[in-house]
Amino acid sequence: MAVIPLIHSPIYDLNLPDTHKVSGRKFSALYSEITTGAMSTRFEPHSHWPATVKDLTLSHDPDYVARFQNNLMTRAEMNRINLPWSVQLLERSFLMPNGTLHCAKLAIENKIACHTAGGAHHAHHQFGYGFCVFNDLAFTAKQLTQQRIADRVLILDCDVHQGDGTIDICQGHADIFTCSLHGQRYVGPKRQSGSLDIELPDGTEDKTYLDMLYKTLRTIMRDFVPNIVLYDAGVDVYFADALGKLNISLDGIRYRDKLVLDFFRNKQIPVATVIGGGYSKDPAELVQRHLSVFQAAADIY
């Protein structure tokens, strides 16, 4: 059995009030579950370093990056992100995108790698939105292609919300395929049109969801054969998620993650996973949901 690279940093945690939609300490709690539980021997932790301003301006407007870095954002702009500016958030925001990039590079070497954060898919080229400051998925895809590490990158986004920021940043790049499988209820400043968008009605249940996902994977492979997949394994598709409106069970999430990883493993295409969205008043329950993709990786690789 292969040892799977695991990318994490304690800097990912945010000190947020318990009333906030984001569970700010779930990242270290998730890491602890992975590294002290039954899966601990299957994962090898890796550290990484922050992105530079120059790195981030490949995917984000330089003025936006500079104003965020120097705490010059307006109140309206920070309200749109819905996270309070702090040095802690600043450090996290520069570190996390490079975590996903490092995860992708390790996945190319090892066929699979997993990140305990990532999936900030609402961050657009010129602004942040919906708990997302800088878009690690778009950042990673553009870095991989610019550095000629990969010729074709697939961003497979299974968060319940559309990856609108990812689409905004990656539009016009034929070497990046953006696929978003999401609930049809509008979330975000403007609905975007990516390479492939699948909208699911409120209340969609396991069988319909999984059938559509499998058909979507086959459709992608007919049109675009990637060198690497960036998989956003958002768990806000869960029926009891605080911000989701689909009706997917925990078993459905687990089957989804195994389906995705097994599909690409059989095709010898590396996968880098990020955790995406998930919202609950019960932090322990939420961590159990996020564990699904790590367990799938441990089972399949």
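Cβ crowding within 10 Å, taken as a proxy for footprinting-reagent exposure, orders Lys190, Lys111 from fewest neighbours to most as Lys190, Lys111. Three principal axis extents of segment 36-163 based on alpha-carbon atoms, in descending order, are 45, 36, 29 Å. Note on Asp18/Leu243: beta-carbon distance plugged into 1/(1 + (r/R0)^6) with R0 of 22 Å gives a FRET efficiency of 0.85. Of the trypsin sites (Lys or Arg not before Pro) found in segment 209-301, those in coil by DSSP whose Cβ has at most 14 other Cβ atoms within 10 Å are Lys267, Lys281. Run the reach check for Lys142 against aspartates and glutamates, Cα to Cα strictly under 17 Å, same-chain hits fewer than 8 apart removed. What comes back? Within reach: Asp55, Asp61, Asp151, Asp157, Asp164, Asp168, Asp175, Asp232. Only beta bridges with both residues in segment 72-218 are counted; by DSSP, about 10 percent of them are antiparallel. Using a cutoff of 8 angstrom between alpha carbon atoms and counting only pairs six or more residues apart, the relative contact order for the chain works out to 20 percent.
When the C-alpha to C-alpha distance is required to be over 25 Å, the pairs from Lys190/Lys267; Lys111/Lys215; Lys26/Lys190; Lys21/Lys54; Lys215/Lys245 that qualify are Lys190/Lys267; Lys26/Lys190; Lys21/Lys54. Kindly provide log₁₀ I(q)/I(0) values, in the same order as q = 0.11, 0.13, 0.16 Å⁻¹, from the Debye equation applied to equal alpha-carbon scatterers of segment 1-99. Cα-only, vacuum Debye calculation for segment 1-99: -0.42, -0.57, -0.80.
Comparing Cα centroids, segment 168-183 and segment 204-221 end up 18 angstrom apart. Here is the tail figure for segment 173-301: Cα pairs spaced more than 26 Å apart come to 19 percent of all pairs.
What shape does the chain have by the C-alpha gyration tensor, where a ≥ b ≥ c are the square roots of the eigenvalues, rounded means a/c under 1.5, and otherwise prolate means a/b greater than b/c and oblate the rest? Don't skip to the answer; put the middle values down first.
Working: a/c = 1.20, a/b = 1.16, b/c = 1.03.
Note, shape of the chain comes out rounded.
Each label point was placed 7 Å from the Cα along the Cα-to-Cβ direction; for His46 and Leu58 their separation is 1.6 nm.
Among the DSSP beta bridges whose two residues both lie in the chain, what percent are antiparallel, rounded to the nearest 5? Once the DSSP bridges in the chain are tallied, antiparallel ones form about 5 percent.
Based on Cα contacts under 8 Å between residues 6+ apart, segment 142-269 shows a relative contact order of 28 percent.
Sorted into 10 angstrom bins from 0, the C-alpha pair distances of segment 177-244 split as 16, 52, 29, 3 percent. Relative contact order of segment 219-301, taken over Cα pairs closer than 8 Å and 6 or more residues apart, is 37 percent.
Straight-line cross-link reach from Lys258 at under 12 Å between alpha-carbon atoms covers these aspartates and glutamates, not counting any fewer than eight positions away in the same chain: Asp299. Given all pairs of different Cα atoms, what value in angstroms does the Kirkwood hydrodynamic radius of segment 109-247 take? Evaluated on segment 109-247, it is 15.2 Å. Counting only Cβ charges, +1 for Lys and Arg and -1 for Asp and Glu, the dipole size of the chain around its Cα centre is about 260 debye. With both labels modelled 7 Å from their Cα along Cα-to-Cβ, the Gln126 to Asp202 distance reads 3.2 nm.
Every number here is computed from the coordinates shown, using simple stated rules; none is lab data. Since the structure is predicted, the reported quantities are computational estimates derived from the model, not experimental observations. Don't worry about glycine lacking a Cβ; one is built from the backbone with ideal geometry, like all the others, and counts go over all protein chains shown.
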